[in-house]
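Working notes, structure below.
The values are calculated or read from the model by the stated rules, or taken from the named source; none is laboratory data. Remember, predicted model here, so these are calculated numbers, not experimental data. Using ideal geometry, Cβ is built from the backbone for each residue, glycine included, and neighbour counts are taken over all protein chains shown.
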Amino acid sequence: NEDQYILAIETSCDETAVAVVKNETELITNVVASQIESHKRFGGVVPEIASRHHIEQMTLTLQQALDDSGMTIDDMDAIAVTEGPGLVGALLVGVNAAKSIAFAKQKPLVGVHHIAGHIYANRLEKEFQFPLLALVVSGGHTELVLMREHGSFEIIGETRDDAAGEAYDKVARTLKLPYPGGPHIDRLAHEGEETIEFPRAWLEDGSYDFSFSGLKSAVINRLHKAKQRGEELKAEDVAASFQASVVDVLSTKALRAAEEYGVKQMIVAGGVAANKGLRKALEEKFQNSEAELLIPPLHLCTDNAAMIAAAGAVAFNQGHRSGWDLNANPGLDL
Ligand code: KG4
Ligand code: ZN
């Protein structure tokens, strides 16, 4: 029996997730228990509530993943888990669950970086070709990551302030849209037009860094000014104008980096990869590029454990093992 099965657990933020992946790239089951409903009324993720929900959901989610796959923990070759970055109390629940299972069943344990997971979500759809670049755009991260081989991550640009998803969520809050705001802005943007010219932070010549806090402030200031003047600003147009700025900077820098590094693939990862405007702009920009554009399906963009299993399987096969002293590391480097 040559088949290899990895069970993975992800609890870094507000989804309790368990998945099983076969032979590095074949998704067997992917269970995600979302807590969004509990955090909505607070307008964002409340860390303490997140931890408590993870504790309630952990064994149920694990059982469901095993039931779905018709397998037991004994069938697994290793247990992978997100060790960071993320909310420390949330991460601890997953790390301790993974350690308990691995210890009880004497299975190898593999700690995985959350962003490596987001990137590897793409490999469940298509084989990687190196060198490749990944545009990681989530609630906590905005990075351009160069990969020359499996398991090697070189950050060539990153946000200097807010992450792209964070900017979406903050602007959405100002527009009184529910949490998380990204999908709501995305929807509104398609009903509006770019009537307001918001700034685009290109930063220094040749820089692959990003900055979204100036844009966020510009949107908030424009809304305040309109309110003071009693001027009618359509939320749809504000959303469309904001989204145009974010998408323009992300897609332009991604293409420039892909050309400069001569990569074979451009991979998009993280929750904001679900954005329709971004997907469309990237598809247009990469039409004539040598680099093949990969964008995962929506269920693999936002947080899940399939991506942790995919990254964990590669790490496992490269010989990486975590000890019983594995700990949650909220500031873990890629
Ligand atoms: O990767 P993810 O699920 O969690 C983190 O690791 O952060 O990303 C969540 C982020 C949130 O900020 C959410 O608003 C954003 O992804 N998001 C979107 C869309 N769907 C989710 N942002 C823009 N457009 C979307 N369609
Ligand atoms: Zn994430």
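If I go through segment 274-297 residue by residue, how many of them are under 15 Å from the mean Cα position of the chain (by Cα) and not in a loop (DSSP other than H, G, I, E, B)?
Taking segment 274-297 as the starting set, the residues that turn out to be under 15 Å from the mean Cα position of the chain (by Cα) are 274-275, 278-279, 294-297.
Among the residues that remain, those that are also not in a loop (DSSP other than H, G, I, E, B) are: 274, 278-279, 294.
Here the count works out to 4.
Of everything in segment 267-294 that's farther than 25 Å from Glu166 by Cβ and not aromatic (Phe, Trp, Tyr), which residue is farthest from ligand 1 (Cβ to nearest atom)?
Restricting to residues being farther than 25 Å from Glu166 by Cβ and not aromatic (Phe, Trp, Tyr), the top hit is Glu290.
Which of the residues belonging to segment 286-323 are charged (D, E, K, R) and surrounded by fewer than 19 Cβ atoms within 10 Å (Cβ to Cβ)?
If we filter segment 286-323 for residues that are charged (D, E, K, R), which is where we start, we get 290, 292, 303, 321.
Matches in segment 286-323: Glu290, Glu292, Arg321.
Just to check your reading of the model, which residue among Asn30, Asn23 is away from ligand 2 (no atom under 16 Å from the Cβ), among the polar types (S, T, N, Q) and over 26 Å from Leu177 (Cβ atoms)?
Sole residue among the options that is away from ligand 2 (no atom under 16 Å from the Cβ), among the polar types (S, T, N, Q) and over 26 Å from Leu177 (Cβ atoms): Asn23.
Being within 15 Å of ligand 2 (Cβ to nearest atom) and touching a His at 6+ places or on another chain (Cβ under 7 Å) is the filter here, so list the residues in segment 95-131 that pass it. Lay out the reasoning, then the answer.
Here is the first cut: in segment 95-131, the ones within 15 Å of ligand 2 (Cβ to nearest atom) are 112-122.
Residue satisfying the conditions is Ile115 alone.
Identify the single condition in (1) more than 16 Å from ligand 2 (Cβ to nearest atom); (2) touching a residue at least 24 places away in the same chain (Cβ under 8 Å); (3) closer than 30 Å to Glu83 by Cα that Ala274 does not satisfy, given that it satisfies every other one.
The number of the failed condition is (1).
Which numbered condition in (1) farther than 30 Å from Pro180 by Cα; (2) within 16 Å of ligand 1 (Cβ to nearest atom) is the only one that His53 fails?
Going through (1) farther than 30 Å from Pro180 by Cα; (2) within 16 Å of ligand 1 (Cβ to nearest atom) one by one, His53 breaks only (1).
Taking segment 1-15, which residues are touching a residue at least 60 places away in the same chain (Cβ under 8 Å) and either buried (at least 21 other Cβ atoms within 10 Å of the Cβ) or not polar (S, T, N, Q) (or both)?
The answer is Tyr5, Ile6, Leu7, Ala8, Ile9, Glu10, Thr11, Ser12, Cys13, Asp14, Glu15.
Only residues that are touching a Leu at 6+ places or on another chain (Cβ under 9 Å), surrounded by 19 or more Cβ atoms within 10 Å (Cβ to Cβ) and not aliphatic (A, V, I, L, M): list them for segment 25-67, please.
Result: Thr29, Asn30, His54.
Quick check on Met71: is it under 19 Å from Gly312 (Cβ atoms), aliphatic (A, V, I, L, M), surrounded by 22 or more Cβ atoms within 10 Å (Cβ to Cβ) and away from ligand 1 (no atom under 16 Å from the Cβ)?
The answer is no for Met71.
From Glu37, Glu48, grab the single residue that is modelled with pLDDT under 95, over 24 Å from Asn329 (Cβ atoms) and either assigned to a helix (DSSP H, G or I) or out of contact with any helix residue (DSSP H, G or I) (no Cβ under 9 Å at 6 or more places or on another chain) (or both).
Glu37
Can you pull out every residue in segment 241-271 that is within 24 Å of Leu175 (Cα to Cα) and away from ligand 2 (no atom under 16 Å from the Cβ)?
Correct list: Ser241, Phe242, Gln243, Ala244, Ser245, Val246, Val247, Asp248, Val249, Leu250.
Take the conditions closer than 27 Å to Gln35 by Cβ and within 16 Å of ligand 1 (Cβ to nearest atom) and apply them to Gly111. Does it pass? Give the steps one after another, and end with the answer.
Values: closer than 27 Å to Gln35 by Cβ: yes; within 16 Å of ligand 1 (Cβ to nearest atom): no.
So Gly111 does not fit the description; no.
Can you tell me which residue in segment 298-318 is farthest from the chain's Cα centre (by Cα), limited to those that are farther than 22 Å from Pro131 by Cα and assigned to a loop (DSSP other than H, G, I, E, B)?
Of everything passing the filter in segment 298-318, Ala305 is farthest from the chain's Cα centre (by Cα).
If you go through segment 252-266 one residue at a time, do you hit one that is within 14 Å of ligand 1 (Cβ to nearest atom) and in the same structural domain as His190 (by TED's automatic domain parsing)?
no
If a residue has to be crowded, with 21+ Cβ neighbours inside 10 Å and within 16 Å of ligand 2 (Cβ to nearest atom) to count, how many in segment 136-150 make the cut?
Going through segment 136-150 one residue at a time, the tally reaches 8.
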